[in-house]
């Protein structure tokens, strides 16, 4: 961390992003391949939330209407840079430029020697000061009851009414599940195949990510359902959260998902 004055443009950008409104609970939950039919699901037209903002207006392929312009053009915009407290210090976070990289060490000498810097603190400094690693763990949304299913395979209920389409979906799902099983048993060969198709990818990064994904799929902790089969409780929680925050406009009924394709995929 460096105590350096950030530019007004950067500050105003951050404030503009924050002013757009509250965000929905982040997604989480077990990762696997599932197939169900969300025929009832559709995006709701934006309805302002408390305070006049609403995240429901953001969605794939949706036009976004700006709500902050009026205050800005009238000179009524309020930014953190417009206010200052006595002995105020500015905080800046330096983040790794390598996603999911393992940080071996951090040389803070140059930053500490810069004019105006009061402190440079790394994660190791926090641990050395007595902060417990478990106190730094990201919130587990499963434990909080706000995790939503993700990484699913979706189709339309109308498409599944055709028996031939059901067989196509079952073959696709069977191949996907067999692929994950293979990557669990032979992760090195799995990464080799991936790099054959995408040579520009970094081997070390893909190897580590596969190891993490295997943990999500197989545990620990062990999943409550077989690979690729949806947990009914997780589906209900996801549907309830989606309804509460306006992602769907009516409650999910019994036909909103099906295990039929998963059952078909189990037949060899």
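Numbers at a glance
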{"item": "Per residue convex hull volume, Cα atoms of the range 144-265, in Å³", "result": "151 Å³"}
{"item": "Relative contact order (percent, whole number), the range 144-265, Cα cutoff 8 Å, 6+ residue spacing", "result": "39 percent"}
{"item": "Extension gain from residue 76 to residue 114, taking 0.36 nm per residue of separation minus the Cα-Cα distance", "result": "10.1 nm"}
{"item": "Efficiency of FRET from Cβ geometry, residue 236 and residue 172, R₀ 22 Å, rounded to 0.05", "result": "0.30"}
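Quick note: the coordinates plus some simple rules give every number you see, no bench work behind them. On a predicted model such as this, the values are computed, not experimentally measured, just so you know. Cβ: placed from backbone, ideal geometry, glycine included. Neighbour counts: every protein chain shown.
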